[in-house]
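K.L.:
Can you keep this structure in mind? I'll have questions shortly.
The values are calculated or read from the model by the stated rules, or taken from the named source; none is laboratory data. Keep in mind the model is a prediction, meaning the values are calculated, not measured. FYI the Cβ positions are ideal-geometry reconstructions off the backbone, even for glycines, and counts take in every protein chain you see. Remember, those area values only see protein heavy atoms, side chains included, never the ligands or the DNA or RNA. Shrake-Rupley method; radii C 1.70, N 1.55, O 1.52, S 1.80 Å.
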Amino acid sequence: MSTEEHTADDSKREVVASIAYVNGRREREVPIDEVAQYVSQDHGMLWIGLRNPRPEVLAKVASELGACDKNQEEMLESHRRPKIIDYGNMILIVAITVEVEAERPIFGETQFLIGDGFLITVRRGATAGHSPLRERLEASPDLLKRGSDYVASELLDWLVDRYVAAAGKIESVVEGAEQKLLIRGAKDSDIRRLYRQRRDLLRIHTVVSPLAEICRRLARVEMSAVDEHARPYFGEVADRVLRVDELFNSLRESLAFAFEASLMIGQAAQNDTTRKLASWAAILAVPTAIAGIYGMNFEFMPELKSPWGYPITLGVIVSICSVLYWRFRKSGWL
């Protein structure tokens, strides 16, 4: 395969979609080299989806659509926290994606560049694509023709759906950890796993919670790239983000409560064992003390020369031990 064919295949993998919509209906696919000409003609909306693009491809698309140098530099960087930057004629939104595989969260990054007549989505490390949402919007042209700002709100809402799905998977993991801690107690491996799970939930909280404030800003602050009729949709997304964030926090607290309950159960079992050992030590102290006294070999001792001395001594030992056993049994120590 030639170098040109390799380059073409890489471009296809990077450019997931570059579709032009007129009045909410798909018109045609626009090559990357023609995006600037299409947007300048004011046809409708151009939706470009990029996945793990090379820096030169992303820089080319952004420059063709009129993004400033600072905007291009920001899009080329990788981010670990959500953020929003208003460049006047366009808005850059950075969101962090969360997927769960093998009971561990996987974090990715999705960027949304909202402009007049176009929307660019850039995915890095995100496993779930936007094709299902694109198909749903294409089935409802009235929704799609509202513009790139409305589509961005739908993408953020779809991202929250992925958060909910991740929370459901983590919830099952947390329930399994709770059962293990409450049934068999906390072992060293369980404690290490619990710490890792709580750490993962804390990381999820740090990447999810800022998105609520970003959506609040889009809903309340006047921006040229966001129509006033699209702002309420961002407000609804902000409310959903807050609820999902509360769900992740509740899962983290559930792990803490399960760990504390496991420690209390272990401490109670340890106290019960201590009481049993103390009870048996008190019972065994009686024959030990009497045997120790008679083992001193003194000449004048009670019942020493009596033929009934040995049975009487054993009877006294058994009687005292029986009374102690009954008292400890009655008090719940045995």
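K.L.:
Give me a count of the residues in region 62-86 that are open to solvent by less than 40 Å² (accessible area, probe 1.4 Å) and either in contact (Cβ under 8 Å) with a residue 40 or more places away in the chain or in a loop (DSSP other than H, G, I, E, B) (or both).
P.N.:
Qualifying residue count for the region: 8.
K.L.:
Please tell me if Trp308 is touching a Ser or Thr at 6+ places or on another chain (Cβ under 8 Å), modelled with pLDDT under 80 and open to solvent by 50 Å² or more (accessible area, probe 1.4 Å).
P.N.:
Here the answer is no, as Trp308 does not meet what is asked.
K.L.:
So, one more: Within region 14-32, which residues are of a type in the set (Gly, Ala, Ser) and either within 19 Å of Thr110 (Cα to Cα) or in contact with a His (Cβ under 8 Å, 6 or more places away or on another chain) (or both)?
P.N.:
Within region 14-32, Ala17, Ser18, Ala20 meet the criteria.
K.L.:
State yes or no: is Ala166 surrounded by 19 or more Cβ atoms within 10 Å (Cβ to Cβ), aliphatic (A, V, I, L, M) and closer than 24 Å to Arg252 by Cα?
P.N.:
The answer is yes for Ala166.
K.L.:
From the list Arg198, Arg216, Arg203, Arg240, exactly one residue is open to solvent by 80 Å² or more (accessible area, probe 1.4 Å), assigned to a helix (DSSP H, G or I) and at pLDDT 90 or above. Which is it?
P.N.:
Arg203
K.L.:
Could you tell me which residue of region 169-195 is farthest from Glu253 (Cα to Cα), considering only residues that are of a type outside the set (A, V, I, L, M) and at pLDDT 85 or above?
P.N.:
That would be Lys169.
K.L.:
Something else now. Evaluate the following for Tyr163: is it modelled with pLDDT of 90 or more, in a helix (DSSP H, G or I) and out of contact with any Lys or Arg (no Cβ under 8 Å at 6 or more places or on another chain)?
P.N.:
yes
K.L.:
A further question follows. Taking region 220-237 as the search range and keeping residues that are in a helix (DSSP H, G or I) and under 20 Å from Leu143 (Cα atoms), which one is nearest to the chain's Cα centre (by Cα)?
P.N.:
So, considering only residues that are in a helix (DSSP H, G or I) and under 20 Å from Leu143 (Cα atoms), the one nearest to the chain's Cα centre (by Cα) is Val237.
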